[in-house]
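J.: To start, I am sharing the structure in question, which I have written as structure tokens.
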Amino acid sequence: MYEFIQKAHSGWAYLVLLFLLIAVINSLIGFSSKKEFTGKDRKLALFALIFTHIQFVFGLILYFVSPLGKAVLGQMKDADLRLTSLEHPLINIIAIILITIGWSKHKKMTDSQSKFKTFSIFYTLGLVLILSRIPWKLWF
């Protein structure tokens with residue numbers, strides 16, 4: 001089960017990054033060109049949100065079925081172990097919270113510029129945080 005969840009978590013990450021990148025680019029273009037916020041824009045942001053949350057579930061399951069899991073928490077001097085056991089999960093949880101806040105805030109707004117600006121800020125922050133804590137050595 002561990003290997004399946006690990007592969008799903010790694011493979012799904014590509015989709016998360018793709019949809020987040022598309023949502024961020026779309027929101028930046030929408031904000032800078034002052035275009036009208038449409039259902040397509042909403043769906044792009046929603047797919048990024050959904051894919052991110054599914055990735056979180058994979059990661060959460062992986063953390064608890066991993067042979068490393070909690071046993072590694074006492075070995076914080078090793079940078080690679082600290083990244084995978086503490087920094088990666090913690091920073092990604094913060095990123096997912098920011099993305100979710102961005103989604104929630106946009107629903108209360110009425111004008112297109114505010115919606116695009118909200119997605120631009122929160123989704124970009126989430127994407128940057130996620131990119132900063134990917135264990136690149138293990139991924140490629």
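J.: Taking the stated definitions as given, is residue 56 surrounded by 14 or more Cβ atoms within 10 Å (Cβ to Cβ) and not β-branched (Val, Ile, Thr)? So that I can check it myself, show each step before the final result.
T.: Values: surrounded by 14 or more Cβ atoms within 10 Å (Cβ to Cβ): yes; not β-branched (Val, Ile, Thr): yes.
In short, yes.
J.: Quick check: anything in region 118-130 in a helix (DSSP H, G or I), modelled with pLDDT under 95 and closer than 17 Å to residue 9 by Cα?
T.: Filtering region 118-130 down to residues in a helix (DSSP H, G or I) leaves 118-130.
Add one more test, that the residue is modelled with pLDDT under 95, and what stays is none.
Within region 118-130 (the criterion being in a helix (DSSP H, G or I), modelled with pLDDT under 95 and closer than 17 Å to residue 9 by Cα), the answer is no, since none of the residues qualifies.
J.: Same structure again: Do you know which of the residues in region 23-43 that are polar (S, T, N, Q) and surrounded by fewer than 16 Cβ atoms within 10 Å (Cβ to Cβ) is nearest to residue 109 (Cα to Cα)? Quick ask: steps written out before the conclusion?
T.: Start the filter on region 23-43 by keeping residues that are polar (S, T, N, Q), which leaves 26-27, 32-33, 38.
Keeping just the survivors that are surrounded by fewer than 16 Cβ atoms within 10 Å (Cβ to Cβ) gives 32-33, 38.
On the way: 32: 18, 33: 18, 38: 13 Å.
The extreme case among them is 38.
J.: In addition: Across region 11-41, what is the total count of residues that are in contact with a Lys or Arg (Cβ under 8 Å, 6 or more places away or on another chain) and either charged (D, E, K, R) or more than 20 Å from residue 128 (Cβ to Cβ) (or both)?
T.: So the count comes out to 2.
J.: I'd like to know if region 71-78 contains one or more residues that are within 21 Å of residue 125 (Cβ to Cβ) and either out of contact with any helix residue (DSSP H, G or I) (no Cβ under 9 Å at 6 or more places or on another chain) or modelled with pLDDT of 80 or more (or both). Outline the logic, then answer.
T.: Start the filter on region 71-78 by keeping residues that are within 21 Å of residue 125 (Cβ to Cβ), which leaves none.
There is no residue in region 71-78 that is within 21 Å of residue 125 (Cβ to Cβ) and either out of contact with any helix residue (DSSP H, G or I) (no Cβ under 9 Å at 6 or more places or on another chain) or modelled with pLDDT of 80 or more (or both).
J.: Looking at 121, 93, 97 in this structure, which one is surrounded by 15 or more Cβ atoms within 10 Å (Cβ to Cβ) and not acidic (Asp, Glu)?
T.: Working: 93 fails: surrounded by 15 or more Cβ atoms within 10 Å (Cβ to Cβ); 97 fails: surrounded by 15 or more Cβ atoms within 10 Å (Cβ to Cβ).
That would be 121, the only listed residue that is surrounded by 15 or more Cβ atoms within 10 Å (Cβ to Cβ) and not acidic (Asp, Glu).
J.: Any idea which of (1) in a helix (DSSP H, G or I); (2) among the hydrophobic types (A, V, I, L, M, F, W, C); (3) modelled with pLDDT under 95 is the one residue 54 doesn't satisfy?
T.: Single failed check for residue 54: (3).
The values are calculated or read from the model by the stated rules, or taken from the named source; none is laboratory data. This is a predicted model, so every value here is computed, not measured. Every residue, glycine among them, receives a Cβ derived from its backbone with ideal geometry; neighbour counts consider all protein chains shown.
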